[in-house]
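Take a look at the structure set out below.
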Amino acid sequence: MSTKTIDQVEEQFETFQILNEEGEVVNESEMPDLSDEQLQEIMRRMVYTRIWDQRAISLNRQGRLGFYAPTAGQEASQLGSHFALEQEDWILPGYRDIPQIVFHGLPLHQAFLWSRGHFGGSQFPDGLNIVVPQIIIGAQIIQTAGVALGLKRKKKENIAITYTGDGGASQGDFYEGINFAGAYNAPAVFIVQNNRFAISVPVEKQSAAKTIAQKAVAAGIEGIQVDGMDVLAVYKATLDARKRALAGEGPTLIETLTYRYGAHTMAGDDPTRYRTSEEDDEWAKKDPLIRFRKFLEGKKLWSEEKENEVVEQAKEDIKQAIKDADKTPKQNVTDLLGFMFENPPVNIREQLEEYTAKESK
């Protein structure tokens, strides 16, 4: 009986798709209402982010960046969902979700400072509704429930959105966060980017559930599984989730089926040890940029010339952003100690005195 019930639940979570791998519309009724200019802008952002990712990996290997989590393959999931947001919506990113907060308004050079561990990378411009990217796996899920509840209590017409990976969905914080948001009907959207591997553990070994989206059922919230390589499907699913949240219909859990082409992070991970070349080749055929490029070319909205312009602009912006990051004064111990508390306790005051003396020599 229980097995039959589980099967009935899992059958409800079919993958939502608008564009197939050839860039053809297979779900005309769900096509979002986007202008030609908006479609081009989405493509521009994805191409820009792919070049940024390539340059960031190179800069990391040169020792000019610190922590970096590659994003290639996840552009549709990240940027399609972000395109559905309004400027006043709050983003609580994970450490891979830097593109969303840059397109939300974070200067690129500050993203590089954050990667270097410089405090300037976390001093966001006033009025920018983002939270510092979370390193602790899943912690942002609970934080998002709290931010969303705060927006509801203040009667704001905005949502809080967060991102984690399939590994994050195995954390206790994940269940606590979606349960809290559901219980209080908070205007939140939780996106789990299922890129198949939590560092090196395949998703099939992380949970007995066939989908991550079905975990929404236990929390009493809406859940949907989306083709995360289809930028239009991700955009539409996020837009619908945002509308439901603002209509008082509660939070949504969105699982995007995607794939990271690179390593988990540049901190020594070697994906060839746990992924096969056959699997890489299979997902390369689903590349979100290739798929959307075919769609736009079919509508005469994209060309090699347009793409080259974006590529060159991205390279120039990255070059300037690194220069700006390099010009930023290096942080010292007293900077870090000084930011810890508004009113430092005795032990911090003692350390401040000690290092102030050392740094003044």
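The values are calculated or read from the model by the stated rules, or taken from the named source; none is laboratory data. In this text the structure is predicted, and so the values were computed from the model without any measurement. As a convention, Cβ positions derive from the backbone with ideal geometry for all residues, glycine included, and neighbour counts pool all protein chains shown.
Overview of results
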read-out	value
Residues (of a type in the set (D, E, K, R), part of a helix (DSSP H, G or I) and surrounded by 13 or more Cβ atoms within 10 Å (Cβ to Cβ)) located in the stretch 22-69	30, 41, 44, 45, 50, 53, 55
Filtered residues of the stretch 277-336 (kept if among the β-branched types (Val, Ile, Thr) and within 25 Å of residue 58 (Cβ to Cβ))	290, 310, 311, 318, 322, 328
Filtered residue count, the stretch 179-212, keeping only those that are touching a Pro at 6+ places or on another chain (Cβ under 7 Å), closer than 21 Å to residue 15 by Cα and not aromatic (Phe, Trp, Tyr)	2
Selection from the stretch 216-237 of residues that are over 28 Å from residue 46 (Cβ atoms) and either touching a Gly at 6+ places or on another chain (Cβ under 8 Å) or of a type in the set (Lys, Arg) (or both)	217, 219, 220, 221
Filter result for residue 286 (assigned by TED's automatic domain parsing to the domain that holds residue 22, free of Cβ contacts under 8 Å to residues at least 24 places away in the same chain and over 17 Å from residue 14 (Cα atoms))	no
Lone unmet requirement of (1) modelled with pLDDT of 95 or more; (2) of a type outside the set (Lys, Arg); (3) buried (at least 18 other Cβ atoms within 10 Å of the Cβ); (4) part of a loop (DSSP other than H, G, I, E, B) for residue 88	(3)
Candidate set from the stretch 297-347 (those that are among the hydroxyl-bearing types (Ser, Thr, Tyr) and without any contact (Cβ under 8 Å) to a residue 40 or more places away in the chain); member that is farthest from residue 115 (Cα to Cα)	303
Number of the condition not met by residue 9 [criteria: (1) assigned to a helix (DSSP H, G or I); (2) among the β-branched types (Val, Ile, Thr); (3) at pLDDT 95 or above]	(3)
For residue 182: the one exception among (1) surrounded by fewer than 23 Cβ atoms within 10 Å (Cβ to Cβ); (2) free of Cβ contacts under 8 Å to residues at least 40 places away in the same chain; (3) in contact with a helix residue (DSSP H, G or I) (Cβ under 6 Å, 6 or more places away or on another chain)	(2)
Qualifying residue in the stretch 52-72 (condition: on the phi > 0 side of the Ramachandran plot and within 16 Å of the chain's Cα centre (by Cα))	no
